[in-house]
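K.L.:
Let me begin by handing over the structure; questions about it come next.
Only the coordinates and a few stated rules stand behind these numbers; no lab work does. If you're wondering where the values come from, they're calculated on a predicted model, not measured in any experiment.
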Amino acid sequence: MSATRRVVLVRPAGVAGIDGLGAALRAAGAEVRELELARAGDHDALLDALEQGYMPVVLKTPAGG
C-alpha cells in the first residue's frame, strides 16, 4: 500500500501560481496545499505543513519577470 503524497506549493507574495499545477497533482492522487507567503502568520502554516510530512515545492518569479 502506498502512502498519499503530500505537497505544499509555496509562492512568495506577488508571484503568480502555475495554472493547473495543483489540480494536476490532485488528479495524480496527491494531497495539495497552496500557500502565499505574504504575512508573518503564513510561515506558521508552512511549518505546520512540513511537520505533517508535506513536501515543499517553491515557485519563483520567472527569469526576466
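K.L.:
Output the relative contact order of the stretch 3-65, whole-number percent, from Cα pairs under 8 angstrom with separation of 6+ residues. Working shown, then result.
P.N.:
Values: 79 pairs, mean separation 31.1, N = 63.
It rounds to 49 percent for the stretch 3-65.
K.L.:
Over all directions, average the projected area of the Cα convex hull of the chain and note it in nm². Intermediate values should be presented prior to the final figure.
P.N.:
Details: hull surface 19.8 nm².
For the Cα atoms of the chain, the hull's average projected area reads 4.9 nm².
K.L.:
So how much slack lies between E34 and E51, counting 0.36 nm per residue of separation and subtracting their Cα-Cα distance, in nm? Write down the numbers at each step before the final one.
P.N.:
Values: separation 17, 0.36 × 17 = 6.12 nm, distance 1.55 nm.
Contour length minus the Cα-Cα distance gives 4.6 nm.
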